[in-house]
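Some notes on the structure that comes next.
The values are calculated or read from the model by the stated rules, or taken from the named source; none is laboratory data. None of these values were measured; they are calculated from a predicted model. We place every Cβ from the backbone using ideal geometry, glycine too, and count neighbours over all the protein chains shown. SASA here: full protein model, heavy atoms, side chains in, ligands and nucleic acids out. Shrake-Rupley method; radii C 1.70, N 1.55, O 1.52, S 1.80 Å.
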Amino acid sequence: MMNILIVDDEEMQRTMLQGFLEKQGYRIFTAADGARALRVFMEQPIELVLLDHRMPDMNGDELMEKIKEISPTVRAIMITAYGAVDTAVRVMRLGADDFLEKPVDLEALLDKIRRIEDEVLVAGDVEEVQEIIASEDLPVRLVGSSRPIQDLLSVIQRAAPTPWTVLVRGETGTGKELVARLVHLLSPRKNGPFIELNCAAVPENLFESELFGHEKGAFTGADRRRRGVFELADGGTLFLDETGELPQAMQAKLLRALQENTITRVGSEQPVPVDVRIVAATNRDLKEMVEKNMFREDLYYRLNVIEIEIPPLRQRKEDIPELIEFFLRKYNSRSRFDNQALAQLTKYNFPGNVRELEHIIQRTITLARSSVITVRDLPPEIRNFRGRSGGSSNLAERLTEVEREMILDSLEEHNWIQTRAAEALGISERVLRYRMDKLGIKNQGRK
Ligand SMILES: Nc1ncnc2c1ncn2[C@@H]1O[C@H](COP(=O)(O)OP(=O)(O)OP(=O)(O)O)[C@@H](O)[C@H]1O
Ligand SMILES: [Mg+2]
């Protein structure tokens, strides 16, 4: 349960909130003004601040800024006067996670607190996975620090140690195979084999033998006994890629193998026990395939014990700069992208997701004549890409996009001199830095 600091100059309000939240199990600290709030904040492990926007000594904006300066990761909910939407928007920009109007609706408050609590837990999981990845020097890296990637890492962290089947869903190039490998490497089976079978690449008549193996003489051409992927993956993880392409007849056989933990080689009657953890991946909508009777419902539920969905790159554009740096390092390139090139790359929608981005980087650094890559060096589909960035229909996402665009444009326009950019945007330099940090915008000042 979180430690919450309530800052309000009205004693009634403080006591009421304190009583309510303590009954929910939270540990509550209170302060009657900004100065006292700061003192409590420095002395106690506060995770969430509930602050009244209007206070006698310093207003909520100021307190918010000071608190964020001391601890950028602390969470905050601002309580504003009824109908003060402009105030609300401003405090969100200052880094409040949410706001509530007076009089405070306690159920709504609890909802918001629970949501924030959930985010804090996710952040904890993410830290843990990152530590394991770093300490064990795992051969795969899942780059990105956007909220969707944090959620993804958190799910992986919780799913990996279990024996359950995992279904990884995502568009082409989003990193499904990468996630499958990570699930394996973070599981107790990490020292066992990781075997992959791409269901789209197997001819229908060879499927059964690929999965379960065959005995010598089982069919024409079977000149010796061969083990299938189930046996090869024994004690480890079997990655079934493009599971949606599995022929109907095979779906039944796979289901049986999963239910009984045994397989039967083609040309044999003898069941062989196997100990395999399945990670399946698909870029098709299996649920819809089930509805159209193209995929067995029972197999779908068997595979989908834990579902991991990887969002497309266009929904987490804040990861693009980090990914670019990662790929530049991966290909030992000393090139860098100038700001306009970066901005143009961030506008693009990447139908081929991370793989497409990787290819673009490879191709660009190979062909560019200078080590500073400009818009002119980008492939035409990106160089000529117009259209509003992202264009998400989700309000929060769209606002983030617009904010990113405005900040980037202003920084560009002012040669990345933050004082000027901040002034043009009508915010303080400190707030600009805070927002840049939050949006993953790195200082690209020209050297
Ligand atoms: N978050 C990420 N961090 C670093 N590299 C990534 C990330 N996501 C994807 N990649 C890289 O992008 C490429 C494509 O990833 P991967 O093969 O896992 O995608 P996929 O979803 O399996 O694609 P497909 O549907 O086409 O099979 C790989 O080189 C992978 O290492
Ligand atoms: Mg793949």
Item checked: Stretch gain in nm, segment R433-T220, where the contour uses 0.36 nm per residue and the Cα spacing is subtracted -> 69.8 nm
Item checked: Cα point-scatterer Debye curve for segment 328-447, base-10 log of I(q)/I(0) at q = 0.09, 0.14, 0.16, 0.20 Å⁻¹ -> -0.27, -0.67, -0.86, -1.21
Item checked: Surface per residue (accessible, 1.4 Å probe) for segment 147-309, Å² -> 47 Å²
Item checked: For segment 287-337 and segment 134-174, distance of Cα centres in Å -> 10 Å
Next item on the list: Take the eigenvalues of the Cα gyration tensor for segment 147-309, scale each by 5, and report the square roots as semi-axes in whole Å, largest first.
Entry: 27, 18, 13
Check: How far apart, in nm, are two points set 7 Å out from the Cα along the Cα-to-Cβ line at K102 and at K287?
Finding: 4.3 nm
Check: Taking the convex hull of the alpha carbon atoms in segment 3-119, what volume per residue do you get, in Å³?
Finding: 91 Å³
Checklist line | Cα→Cβ-extended label distance, 7 Å offset, between R363 and M42, nm | finding: 5.6 nm
Margin query: Using only the alpha-carbon atoms, what does the chain span along each of its principal axes? Please give whole angstrom values in decreasing order.
Written below: 89, 62, 43
Next item on the list: Any chance you could get the radius of gyration and Dmax over the Cα atoms of segment 177-226, in Å?
Entry: 14.7, 41
Item checked: Point-to-point label distance, T172-R386, nm (Cα→Cβ direction, 7 Å offset) -> 2.7 nm
Check: Taking the radius of gyration and the Kirkwood hydrodynamic radius from Cα positions alone, what is the Rg/Rh ratio for segment 149-217, to two decimal places?
Finding: 1.06
Item checked: Residue among M55, Y82, L21 farthest towards the positive dipole end of segment 3-119, charges placed on Cβ -> L21
Check: Tell me, in nm to one decimal, what length is gained between E307 and D137 on full extension, where the rule is 0.36 nm per residue of separation less the Cα-Cα distance?
Finding: 58.6 nm
Item checked: Accessible surface of the chain, 1.4 Å probe, proportion on carbon and sulfur as whole % -> 48 percent
Check: Pulled fully out, how much extra length does the chain show between N59 and D111, if you take 0.36 nm times their separation in residues and subtract their Cα-Cα distance?
Finding: 16.2 nm
